[in-house]
1. Of K323, K288, which has the most accessible area with a 1.4 Å probe, and how do the rest follow in descending order?
2. So if I restrict to the alpha-carbon atoms in the range 140-257, what is the Rg, and what is Dmax, the biggest pairwise distance, in Å?
3. Would you tell me the accessible area of T201, worked out with a 1.4 angstrom probe on the heavy atoms of the protein chains, in Å² to the nearest 10?
4. Nearest 20 debye, what's the magnitude of the dipole of the range 1-156 about its Cα centre given +1 on Lys and Arg Cβ and -1 on Asp and Glu Cβ?
5. Dividing the alpha-carbon Rg of the chain by 2.2 N^0.38 Å yields what?
6. So how tilted is helix 259-268 from the main axis of the chain? Cα-based, degrees 0 to 90, rounded to 10.
7. If you line up the Cα atoms of the range 234-332 on their principal axes, what length do they span on each, largest first, in Å?
8. Restricting the count to DSSP beta bridges whose residues both fall in the chain, what percent are antiparallel, rounded to a multiple of 5?
Amino acid sequence: MKFISVVGARPEFIQATPVSRALRKNHQEILVHTGQHYDYLMSQTFFDELGIPAPDYNLEVGSGTHAAQTAEILVRFEELVLKEKPDAVIIRGDTNSTLAGALVASKLHIPTVHIEAGERSFDRRMPEEINRLVADQLSSAYFCVSQAAVDQLAREGITKNVFWVGDVMLDANLANRPLARQKSTVLSKLELDPGKYSLVTVHRAANTDDLARLSNIVTALSNVGETVIFPVHPRTRGALQKLDVQFGDNVRQIEPVGYYDMMVLEENARIIATDSGGVQREAYFWSKPCLTLRDETEWTETVQVGWNKLVGVDVDCILSAWKTFTPPAEQPPIFGDGTAGEKIANILGQIQLSVH
Ligand code: UD1
Ligand code: UDP
């Protein structure tokens, strides 16, 4: 079969690798980068490190409002799909690239395959929630990270071609551990001792576009009493410049890091605090306590098993959890066994894909 795979934002590059590798054994895959992320440290570094095949097309849409960015992808992607005539389009997650991919494919009557389907925050003020809801309505096959996502799709009436395969991010994490440990020099570059710092990422619109929330995060991180390594997403860098409050000396803001450096920073952190979906899961992969700087999460299993705590942006709540949060000893395999990419490729070779 001939697939077009759509990627555009940082986590999608990481998620693409395990699937591409497995898919290309028996199928043709055309990789389309929408250009949603474009800085070297937000895009090309992942292709270089992970050996992702160079995209066959880069739509170079760049940044914009939700409508402008999505519209640019729609126009440019439609032209490409008409030319390439794939049997199916593969989208993943919940970005504007995901939404646009689903819309273009379904209007052209081409089946859409959604990886990381069925995740919900139940907050429609979150742009990703809109993208996920639409993508799941329009898709023809669904690959879910967890049983909870399968159950959610069933509650929404979606039961055909729904498969629990686990998390492709776990595939990528397990496959890249040896190389990351071997190649990354981030600890010595930043003069960090394992276990003697915490790692933080923040980029959700709900936190960056609400200066009161962002200001709370700055205050809390400045008072945790330990070194905080904070690779700053470009969206967040812009928002921080608008704030009156400054970080304390314990918070070390750095440029976004490549995947290997991020893995090593995660593996050696004492604790991780984040609003990222990917980093919440990676904290679990590395058996690190995770504080989630949001009021809700899609990754409820990590909270249920006691390894992730929702702390929102209340300063006292963050500071108290920072000192006391201790996960249990057990870590059930809620994200599968690291073979999601293989499972997806095998299933795609067996099922009938049609637009319903
Ligand atoms: C997007 C996704 C989000 C995902 C995140 C991963 C949507 C709606 N959101 O959010 O789900 O978690 O990617 O990181 O699709 N920018 C740069 N350089 C870049 C990319 C972005 O400077 O290479 C800046 C621009 O000012 C841009 C802003 O970051 O306006 C936001 O980028 P955008 O892709 O719109 O959303 P993200 O916040 O990155
Ligand atoms: N990541 C990275 N460098 C960074 C921050 C994150 O390589 O400076 C990786 C992280 O390890 C994870 C992915 O990017 O694999 C998560 O992407 P992000 O947090 O941007 O988006 P989300 O997962 O929230 O959609």
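1. K323, K288
2. When restricted to the Cα atoms of the range 140-257, Rg and Dmax are 19.3, 53 Å.
3. For T201, the solvent-accessible surface is approximately 10 Å².
4. It comes to approximately 340 debye.
5. Rg over 2.2 N^0.38 Å, computed on Cα atoms: 0.96.
6. 40
7. Over the range 234-332, Cα extents along the principal axes are 41, 33, 25 Å.
8. Details: 0 of 38 bridges.
Within the chain, antiparallel bridges account for around 0 percent of the total.
The values are calculated or read from the model by the stated rules, or taken from the named source; none is laboratory data. These numbers were taken from a predicted model, which means no experiment stands behind them. Backbone-built Cβ (ideal geometry, glycine too); neighbour counts: all protein chains shown. Side chains are part of the model used for accessible areas, which takes the heavy atoms of the whole protein and leaves out ligands, DNA and RNA. Shrake-Rupley method; radii C 1.70, N 1.55, O 1.52, S 1.80 Å.
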